[in-house]
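Computed from the coordinates by the stated procedures, all read-outs in this text should not be read as laboratory data. Fair warning: this is a prediction, and the values are worked out from it, not measured in the lab.
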Amino acid sequence: MKTISTFIFCLFLVNILSAQEEQAAPVKEQIYQVVKEMPRFPGCENLDKEHLIKKCASEKMQHYLKTHPAIVALNENSKEKSKVVFRLIVRKTGKAELNKILSVKEGTPPEGYEQAIATMVEEMPTWRPGSHGRPGGPKLSVYYNLVIRFGE
């Protein structure tokens with residue numbers, strides 16, 4: 001009788017635990033619009049002044065956008081000037097992911113521009129993730145808008 005009671009009690013506990021697991025919904029990662037320390041393109045970590053680091057990172061990112069092979073190939077065949085605004089998510093790991101194309105301005109971009117942008121973003125180096133600016137604070141996933149020009 002004691003064995004049967006123990007067995008029933010164990011089944012009861014298993015049912016309670018599995019019901020709690022089913023109720024726990026997966027936590028969706030928060031993606032921030034603006035944080036104190038925005039994500040930064042890599043390559044300027046050796047500089048010592050923050051304003052120089054930001055300027056350098058911006059220049060390196062623009063160079064990457066203009067010289068990526070997928071973009072260069074489209075620019076060679078582009079018949080008119082255009083500007084495409086797109087949004088990344090820079091994850092808390094520093095990995096950049098294309099979120100979406102936001103707008104096309106000033107003309108018609110070359111055929112295949114969406115795939116070229118997706119390829120370029122997928123091949124981006126690891127960024128320094130965003131944060132709230134506290135030393136040792138958590139890294140955050142952040143939206144980051146960029147503009148790429150075609151036909152120039």
Please list, ordered by chain and number, the residues whose modelled amide H lies under 5 Å from the amide H of residue 40; skip anything fewer than 5 residues away on the same chain.
128
Report the antiparallel proportion of the DSSP beta bridges in region 28-152 as a percent, rounded to a multiple of 5.
90
Kindly provide log₁₀ I(q)/I(0) values, in the same order as q = 0.16, 0.24 Å⁻¹, from the Debye equation applied to equal alpha-carbon scatterers of region 43-152.
-0.77, -1.37
Using the Kirkwood formula on alpha carbons, the hydrodynamic radius of region 101-152 in angstrom works out to 13.8
Which entries of 60/92; 28/139; 100/139; 28/49; 54/81; 55/83 show an alpha-carbon separation above 26 angstrom in the structure shown?
28/49; 54/81
